[in-house]
Amino acid sequence: MIVTTAGRTNQEMIALAHQVAKDLQLPYIQRNKKSILHLQTEHKKEILVIGKDRFEWYRLGQDQPLFFHPNSAAFRAKRWLAGEIEPFLQATQLKQGMSFLDGTLGLASDSIMASLATGVSGKVTAIEANKMLAYLVKTGLHAWEMKNEETEEAMKRIEVIQGNHHDILHTLPDNSYDVVYFDPMFEQQIEESTGIHTLRSVAYYNDLSENTLQQALRVAKQRVVLKDHWQSQRFERFGFIVMKRKTSKFHYGYLEKNI
């Protein structure tokens, strides 16, 4: 991978690109008005583009970049703050001051909602297996400016950890988080869900295992929650209590902690 700037740049962005390249131990390449396709062809590498408002990750063979944007979380937050029901929060039963571990961060939509619900006194930790995606989301959560200050502050409170959730769960003490959450890539694709098409190309597809869920139950104080396709076999395979939603293509399930 190489690091460069957006087409229209300035000295501030160039300096930032140099710093990002140094932080990630990647080479910086001067843009020189070359297109992304030209740079990819010339260097045969993936490209991280440093722009004014966001960082864009162009993978080889992909014409659309992956970048952090809190689109869906912003909509969900606005509705929830206005008093509407949020199914994710119904499933997790998160309240002010609780702690939440997201084992599958992705673009952080659920972690943002968790941080809003748990508040300043709560704790939200999110794990992402893909190193570059973890970096993009961690950077975006701290830098993105939202119209709603409460949502913006909630984003900044999220702690992002890069690694495999199974390995990290093994290192955590018993009962260290109130809720442990998984949103793995669905076994069945939802055709109309185009928003995660680019994310699919960088996602880790390791399935949940019995041992991983045992570790999650050990770490959780209250419950382990799974979001999955309504036809998924995982719910039945692992004994989740399913919260079925007639109008949705995905359901939430939970395992209650037996203390």
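Derivation of every value follows stated rules applied to the coordinates shown; laboratory data play no part. Just so we're clear, the structure is a prediction, and the values are computed from it rather than from any experiment. For neighbour counting, all protein chains shown are included, and Cβ atoms are generated from backbone atoms with ideal geometry for every residue, glycine included.
In a GNM of the chain with a 10 Å cut-off on Cα contacts, which of Leu226, Leu39, Leu66 has the highest mean-square fluctuation?
Result for the chain, Cα springs under 10 Å: Leu39 fluctuates most.
Which of Lys227/Lys257; Lys95/Lys147; Lys78/Lys156; Lys123/Lys227; Lys45/Lys123 have a Cα-Cα distance over 26 Å?
Lys45/Lys123, as the Cα separations exceed 26 Å there.
Shape call for the stretch 2-58 from the C-alpha gyration tensor, a ≥ b ≥ c root eigenvalues: rounded (a/c under 1.5), prolate (a/b greater than b/c) or oblate?
Judged from the Cα gyration tensor, the stretch 2-58 comes out oblate (a/c at least 1.5, b/c at or above a/b).
Charges at C-beta only: +1 for Lys and Arg, -1 for Asp and Glu. How large is the resulting dipole of the stretch 6-79 about its Cα centre, in Debye rounded to 20?
Rounded to the nearest 20 debye, it is 240 debye.
Give me the Å³ per residue figure for the convex hull around the C-alpha atoms of the stretch 71-256.
Cα convex hull per residue, to the nearest whole number: 113 Å³.
Tell me, Ser248, Ser121 in order of fewest to most beta-carbon neighbours within 10 Å?
Lowest to highest Cβ neighbour count: Ser121, Ser248.
Which of the trypsin sites (Lys or Arg not before Pro) found in the stretch 34-84 are in a DSSP loop and have at most 11 neighbouring Cβ atoms, other than their own, within 10 Å?
Here the sparse-neighbourhood loop sites are Lys44.
Using R₀ = 25 Å, calculate the FRET efficiency as 1/(1 + (r/R₀)^6) where r is the Cβ-Cβ separation of Gln233 and Asn258; round to 0.05.
Taking R0 as 25 Å, the efficiency between Gln233 and Asn258 is 0.60.
Relative to the Cα centre, what is the charge dipole magnitude of the stretch 71-256, using +1 at the beta carbon of each Lys and Arg, -1 at the beta carbon of each Asp and Glu, and rounding to the nearest 20 debye?
240 debye
For the stretch 46-149, state which GluC sites (Glu not before Pro) are in a DSSP loop and have at most 15 other beta carbons lying within 10 Å of their beta carbon.
Those that pass, being in a loop and sparsely packed, are Glu84, Glu145.
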